[in-house]
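Structure first, then comments.
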Amino acid sequence: MSRIINSKKNLIMFGVPFSIIALMVYISRSPLFFANPNGLSIGITIDLVFTAPLVYFLLIRKTNIPKTTIVPFLVLTTTICTLILPPENHYYLNLFKRWVFPLIEIVLVSYIIFNVTKAVKHFNKNKHKKIDFFDALRNTCRELLPKRMVMPVVTEIAVFYYGFICWKKTILNENEFSYHKDSGTITLLIAIIFIVAIETMVLHTLLAKWNHLAAWILSFLSIYSGVQLFGFLKSMSKRPISIEKDKLYLRYGIMSETTIELTNIDQIETWTKDIKLDENTRKLSFLGELESHNIIIRLKEENTLLGLYGIRRKYKNLVLHVDTKEEFINRIRTATR
């Protein structure tokens, strides 16, 4: 019964605004439009860029659908309006694009920044509770953005936060463990950043002789990649592995993470041998075989590893590096007894 009710709600929620769109498309192709194109163009423009988005917003405002989806919906209706109206009837549509649409974008960006700022302030006030900034940011964006946009936006913001804003040294609690000090990852990433910087300067000089635009595009992409690597590097010391109550939180900066129920751990042991990575056996590090490991965790049931930009991979065995491996293993074994 609940499924039927939900289906009816979805039908109304999406059917009504899309019916308005379909009606406007039909009118724009009817003989009535060609008899009075100027007058009907104004009505079609108003209905597509104002009425349909407003109806959509009113229908979703009390649902779990993010209110920010009004923007992609507005982009859709504006695009449709551009396609169905003759260019000579775009006067009011162009006014909307030039003045109203940029204002809506500014309001949306301000709204997101305001809510993220609230999340950051909440995080700072509750640091003694060890609330993770990345988790707070992700939860905030889930309430504001469409599902597919959440992780890309969160990742980009987190790169700049950990790279350029968060400089305070992280002090580990008894239940927290570092993994970046002895693994060699920091050295590797720093080396990659230097290589990218040197190659960027050389390639920019060579490409500039051929095409200045191409040279600057390549330089921008290289600089952006370097900034991301720097953010990844710094996030490793800010997001330690932790054991809290009945769960194990395994983090590798903002690059990958997984949460394991302690009752799901079948076996944990030191492991420094090479191991074949496949669908059942994964590595916590996004660098894969480039980074060393010293622990393997075998699970009773399959779990999910969350990677960059929300990529999900299943695993049953997980290999990782922990700086104080013996202490970590003993604590896990004590907690699972």
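The values are calculated or read from the model by the stated rules, or taken from the named source; none is laboratory data. Please read these numbers as outputs of a predicted model, since none were measured by experiment. Cβ: placed from backbone, ideal geometry, glycine included. Neighbour counts: every protein chain shown. Protein only, heavy atoms only, side chains kept; ligands, DNA and RNA dropped before computing areas. Shrake-Rupley method; radii C 1.70, N 1.55, O 1.52, S 1.80 Å.
Before moving on, here are some points about what is shown:
- Taking each residue of segment 109-121 that is at pLDDT 70 or above and looking for partners that are in a helix (DSSP H, G or I) and open to solvent by 60 Å² or more (accessible area, probe 1.4 Å) with beta-carbon atoms closer than 9 Å, six or more apart or interchain, yields 111/67; 115/143.
- Count of residues meeting criterion [open to solvent by less than 50 Å² (accessible area, probe 1.4 Å) and hydroxyl-bearing (Ser, Thr, Tyr)] in segment 246-260: 3
- Residue identified as open to solvent by 50 Å² or more (accessible area, probe 1.4 Å) and within 29 Å of residue 321 (Cβ to Cβ) among 195, 243: 195
- Tally, over segment 123-147, of residues that are out of contact with any helix residue (DSSP H, G or I) (no Cβ under 6 Å at 6 or more places or on another chain) and at pLDDT below 80: 10
- Taking the criterion of being of a type outside the set (Val, Ile, Thr) and surrounded by fewer than 18 Cβ atoms within 10 Å (Cβ to Cβ), the residues of segment 74-89 that qualify are 76, 83, 86, 87, 88.
- Selected residue (only one of 115, 64 is under 30 Å from residue 142 (Cα atoms) and either in contact with an Asp or Glu (Cβ under 7 Å, 6 or more places away or on another chain) or not in a helix (DSSP H, G or I) (or both)): 64
- Matching residues, segment 261-284, being surrounded by fewer than 17 Cβ atoms within 10 Å (Cβ to Cβ), in contact (Cβ under 8 Å) with a residue 24 or more places away in the chain and assigned to a strand (DSSP E or B): 266, 267, 269, 270, 281
- Residue tally, condition open to solvent by less than 60 Å² (accessible area, probe 1.4 Å) and under 26 Å from the mean Cα position of the chain (by Cα), over segment 285-316: 12
- The set of residues in segment 293-319 being outside any strand (DSSP E or B), farther than 22 Å from residue 150 by Cβ and either free of Cβ contacts under 8 Å to residues at least 12 places away in the same chain or touching a helix residue (DSSP H, G or I) at 6+ places or on another chain (Cβ under 9 Å) (or both) consists of 294 alone.
- The set of residues in segment 60-96 that are among the charged types (D, E, K, R) and within 22 Å of residue 27 (Cα to Cα) contains only 88.
- Unmet requirement for residue 337, which otherwise passes all of (1) more than 28 Å from residue 228 (Cβ to Cβ); (2) at pLDDT 90 or above; (3) open to solvent by 20 Å² or more (accessible area, probe 1.4 Å): (2)
- So residue 160, is it in contact with a Gly (Cβ under 7 Å, 6 or more places away or on another chain), part of a helix (DSSP H, G or I) and either open to solvent by 60 Å² or more (accessible area, probe 1.4 Å) or within 30 Å of residue 295 (Cα to Cα) (or both): yes
- The residues in segment 52-61 that are free of Cβ contacts under 8 Å to residues at least 40 places away in the same chain, open to solvent by 40 Å² or more (accessible area, probe 1.4 Å) and outside any loop (DSSP other than H, G, I, E, B) can be counted, and the count is 3.
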